[in-house]
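Working notes, beginning with the structure itself.
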Amino acid sequence: MRIIKALKVFDDLKKKGVIRDYAVGGAVAMTYYVEPRATRDVDIFLLADYEEHKLTWDILDKLGYKYKEGIVIEDIPVDIVPSFQHPFYSEAIRKSKKVRMDNILVKIFTPEYLIATKLLVFRGKDRIDIFDLFRYVKVNLPKLETILHGGFKGEAGLLLKRLHKILEEED
Amino acid sequence: MKRVYSSKDFTKFWKKKTEADERRRLKDIRLPFSRKLEILDELMEEAIFLSELKRAEKSSMSREGV
């Protein structure tokens, strides 16, 4: 399976000490919690500063994986989001849930951190995903609110407003 | 004679459809993760193909000056 093959590349890089850690968000994480939904890429959140991120790209390039709407690994476009882009990502990666995929253990964002990333982007499909997570998965609301208060500072107000709007629609 | 459907018929039909959709959905949600990943892999292949098709159409239109 191509998704697993792509994730194995990151697993190998982690085992070799090239990358410190990573976690999967987006559609793959959504598929774990609810049902599969169409996507064009795999979202990998990489625990990395600017230099480590650049080094990862260089190594992937040397391995023959080229850029085309995200870096294409094993025929799958992968969107690599480095943790230096937002302080919240490091915490989300550290607190991810370990899930077995084939013969590798992959870290997947917990529902609360997954919702937080979706509140940040907040496109139409993100709203549907948040709605579904609340509907079908046990989401710890106080924990999610703490994450939003602690990890987003200036953006917390807006994200909480978005969250409560969805919760009202759900009722 | 053609049957005339009432709003009551529609409500009944819609309720049945919604319940069936929900049952199907719950069945998909409860599938093993490995099976769900196989489905995701297929969905991704379709999405990538469609996106490349769109891009090819766009570039051919711009070449033709449309």
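Remarks
- Inspection of the stretch A:64-75 finds no residue satisfying the criterion of being β-branched (Val, Ile, Thr), modelled with pLDDT of 95 or more and over 15 Å from the mean Cα position of the chain (by Cα).
- Only one entry of B:Leu37, B:Leu31 meets the criterion of being in contact with an Asp or Glu (Cβ under 9 Å, 6 or more places away or on another chain), assigned to a helix (DSSP H, G or I) and at pLDDT 90 or above, and that entry is B:Leu37.
- Note on the stretch A:77-111: residues that are within 14 Å of chain B (Cβ to nearest Cβ) and not in a strand (DSSP E or B) amount to 3.
Residue-wise test of (1) within 14 Å of another protein chain (Cβ to nearest Cβ); (2) loosely packed, with under 11 Cβ neighbours inside 10 Å; (3) part of a loop (DSSP other than H, G, I, E, B); (4) modelled with pLDDT of 90 or more.
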residue	(1), (2), (3), (4)
B:Lys2	no, yes, yes, no
B:Tyr5	no, yes, yes, no
B:Lys15	no, yes, no, yes
B:Asp21	yes, yes, no, yes
B:Lys27	yes, yes, no, yes
B:Glu42	yes, no, no, yes
B:Leu50	yes, no, no, no
B:Ala56	yes, yes, no, no
B:Ser60	no, yes, no, no
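- Some residue of the stretch A:128-140 being modelled with pLDDT of 95 or more and over 28 Å from B:Glu38 (Cα atoms): yes
- Residue in the stretch A:12-24 that is within 13 Å of chain B (Cβ to nearest Cβ), at pLDDT 95 or above and either surrounded by 22 or more Cβ atoms within 10 Å (Cβ to Cβ) or in a loop (DSSP other than H, G, I, E, B) (or both) present: yes
- Subset of the stretch A:131-145 that is closer than 19 Å to A:Pro87 by Cβ and of a type outside the set (A, V, I, L, M) - its residue that is surrounded by the fewest Cβ atoms within 10 Å (Cβ to Cβ): A:Lys143
- Against the numbered list (1) in contact with a helix residue (DSSP H, G or I) (Cβ under 7 Å, 6 or more places away or on another chain); (2) outside the structural domain of A:Glu145 (by TED's automatic domain parsing); (3) among the basic types (Lys, Arg), A:Lys118 comes up short only at (2).
- Comparison of A:Leu120, A:Leu148 shows that the only residue that is free of Cβ contacts under 8 Å to residues at least 40 places away in the same chain, part of a helix (DSSP H, G or I) and buried (at least 20 other Cβ atoms within 10 Å of the Cβ) is A:Leu148.
The values are calculated or read from the model by the stated rules, or taken from the named source; none is laboratory data. All of these numbers come straight from a predicted model, not from anything done at the bench. Neighbour counts run over all protein chains shown; Cβ positions are idealised from the backbone, glycine included.
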